[in-house]
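A.B. asks: Quick one: the structure is below, questions incoming.
The values are calculated or read from the model by the stated rules, or taken from the named source; none is laboratory data. These numbers were taken from a predicted model, which means no experiment stands behind them. Neighbour counts run over all protein chains shown; Cβ positions are idealised from the backbone, glycine included.
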Amino acid sequence: MSNEALGRSMSGGAYGRPPAQYDPLLIDVAQGTPTGEYLRRYWHPIAGSNEVTTNPQKVRVLGEDLILFRDKGGRVGLLYERCMHRGTSLYYGRVEDCGIRCCYHGWLFDTAGNCLEQPCEPENGRNREVARQPWYPLEERYGLVFAYMGPLDRKPVLPRYDNLEDLASDEFIETETTGFGGYVAPVAEPAVPYHWLQAWENVIDPFHVQVLHTAFSGTQFKAEFLQMPKVEWTAIDGGVIYNAYRSLPDGRLLDRCNYAILPNIAATPKTDLTPGRSQVITWHVPIDDKTMRVISAARVRQKGYFTEYTQHNGKLWTELTEEERQRYPGDFEAQFGQGRINLHSDEHLVNSDRGIALLRRMMKQQIKIVREGGDPVNVAFAEKDATIKIVSGNFFSASAAE
């Protein structure tokens with residue numbers, strides 16, 4: 001073998017390659033990090049309204065351990081887990097008419113963290129009005145509880161999504177808080193075990209629908225997805241859309257439009273190709289750097305929007321064996337296969353990844369705006385400006401002529 005041929009045969013070996021790394025500007029969600037501060041300028045759903053009761057529950061959001069509860073007056077509260085007095089967990093507290101009482105020495109806090117009683121102190125706590133348990137504002141909408149975890153002087157209006165508004169008399173909002181792409185997390189720990197960005201980026205990747213969901217694993221959605229689409233990506237106010245065009249056998253042209261909305265939201269059309277605008281909003285909520293929670297709200301006329309799709313031979317994801325998941329993977333397997341955190345230095349983005357590159361670039365631009373003291377996109381401080389228009393859907397034209 002010539003030296004030139006030997007050199008070619010030796011190139012590309014795994015030995016000696018540099019350690020793979022992730023891009024911290026895309027990954028870190030803790031308070032004080034650039035991305036963490038950016039994400040904290042938005043409202044995030046943290047639970048279904050029907051999940052929040054007078055029984056305190058632990059909630060981890062954006063790397064913070066908190067206690068979520070509903071007092072007996074119906075108000076929802078989100079407090080720092082450790083009691084400000086002696087540090088025991090409010091998870092063991094007792095919810096009362098106007099707040100939660102610590103089990104250790106009985107300090108009572110309302111849903112905004114105000115200390116109402118200090119029963120072991122003279123006069124029930126002479127200076128109790130200066131005691132404040134760390135807390136976060138909450139609001140309820142669409143059957144979900146939303147938290148704002150950023151600076152209070154920059155708290156925006158809770159946004160509305162026009163596809164979930166102005167319901168007809170026979171319509172209602174259905175929610176889903178424990179499932180994702182066929183994967184069903186335990187109700188007690190509704191976590192998807194990898195970074196939220198890996199799921200959110202998937203929204204703007206039309207080609208995986210053709211490969212993963214149709215050509216590789218069989219028809220998980222519709223056979224029409226087997227055709228390779230012609231794709232256009234567009235940056236619009238608030239996010240990125242793609243238009244994936246397919247000429248159908250009946251002569252129609254399908255324009256499937258997906259919308260990734262900053263900071264972590266998706267508006268996707270139904271995978272059964274039901275025509276019309278997307279009727280669902282999905283949030284990819286970071287629990288921390290390695291886990292997330294997927295929470296969705298859909299406009300429906302009957303329950304069942306979030307029913308699991310069959311993945312192989314008529315089986316649900318929960319019914320597949322490990323070998324079947326390996327041979328017929330879906331979204332969960334492909335994204336979990338990237339690791340708990342994707343190693344960006346190992347990636348080789350190409351032409352079909354233009355949507356991913358565009359979305360990351362927009363995200364970094366918004367992080368920079370926040371670092372420089374500005375307000376990111378999709379943040380409004382007046383109700384009249386707080387509605388986000390949804391443009392995604394399955395759209396059909398009568399002719400597939402170019």
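A.B. asks: Please go through (1) at pLDDT 95 or above; (2) surrounded by fewer than 16 Cβ atoms within 10 Å (Cβ to Cβ); (3) assigned to a helix (DSSP H, G or I) for THR318 and return the number of the only condition it doesn't satisfy.
C.D. replies: (1)
A.B. asks: Return the total of residues in the stretch 125-144 being modelled with pLDDT under 95 and at positive phi.
C.D. replies: The number of residues fulfilling the criteria is 1.
A.B. asks: Of everything in the stretch 49-75, what is under 20 Å from ALA297 (Cβ atoms) and of a type in the set (Asp, Glu)? Give them in sequence order.
C.D. replies: GLU51
Rundown of residues vs (1) in contact with a Ser or Thr (Cβ under 9 Å, 6 or more places away or on another chain); (2) over 17 Å from TRP317 (Cα atoms); (3) assigned to a loop (DSSP other than H, G, I, E, B), yes/no style:
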residue: ASN163; (1), (2), (3): yes, yes, no
residue: ASP170; (1), (2), (3): no, yes, yes
residue: THR175; (1), (2), (3): yes, yes, no
residue: GLN198; (1), (2), (3): no, yes, no
residue: ASN202; (1), (2), (3): no, yes, no
residue: THR214; (1), (2), (3): no, no, no
residue: GLY218; (1), (2), (3): no, no, yes
residue: PHE225; (1), (2), (3): yes, yes, no
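A.B. asks: Now a separate question. Within the stretch 274-290, work out how many residues are aliphatic (A, V, I, L, M) and outside any strand (DSSP E or B).
C.D. replies: Final tally of qualifying residues: 1.
A.B. asks: Without any contact (Cβ under 8 Å) to a residue 24 or more places away in the chain, in a helix (DSSP H, G or I) and under 30 Å from VAL231 (Cβ atoms), is that true of GLN335?
C.D. replies: No: the conditions fail for GLN335.
A.B. asks: Can you tell me which condition ALA191 does not meet? The list is (1) in contact with a Ser or Thr (Cβ under 6 Å, 6 or more places away or on another chain); (2) farther than 20 Å from LEU79 by Cβ; (3) at pLDDT 95 or above; (4) buried (at least 16 other Cβ atoms within 10 Å of the Cβ), and all the others hold.
C.D. replies: Tallying (1) in contact with a Ser or Thr (Cβ under 6 Å, 6 or more places away or on another chain); (2) farther than 20 Å from LEU79 by Cβ; (3) at pLDDT 95 or above; (4) buried (at least 16 other Cβ atoms within 10 Å of the Cβ), ALA191 fails exactly one: (3).
A.B. asks: Then there's this: Applying the selection to the stretch 352-386, what residues are touching a residue at least 60 places away in the same chain (Cβ under 8 Å) and aliphatic (A, V, I, L, M)?
C.D. replies: ILE356, LEU358, LEU359, MET362, MET363, ILE367, VAL370, VAL377, VAL379, ALA380, ALA382, ALA386, listed by residue number.
A.B. asks: Considering each of ARG340, ARG277, ARG299 in turn, give the residue that is surrounded by 22 or more Cβ atoms within 10 Å (Cβ to Cβ), closer than 28 Å to GLY48 by Cα and of a type in the set (Lys, Arg).
C.D. replies: ARG299
A.B. asks: Another question, then. Within the set of pairs 6+ apart or on separate chains, which have a first residue in the stretch 219-235 that is within 15 Å of ASP331 (Cα to Cα) and touching a residue at least 24 places away in the same chain (Cβ under 8 Å), a second that is outside any helix (DSSP H, G or I) and not hydroxyl-bearing (Ser, Thr, Tyr), and C-beta atoms under 6 Å apart?
C.D. replies: That search, which allows pairs on different chains as well, returns GLN220/GLN311.
A.B. asks: Tell me the residue from GLY113, GLY63 that is more than 26 Å from the chain's Cα centre (by Cα) and in contact (Cβ under 8 Å) with a residue 24 or more places away in the chain, please.
C.D. replies: When all the criteria are applied, what remains is GLY113.
A.B. asks: Would it be correct to say that VAL192 is in the same structural domain as SER247 (by TED's automatic domain parsing) and more than 30 Å from GLU37 (Cα to Cα)?
C.D. replies: Taking the combined requirement at face value, the residue does not satisfy it.
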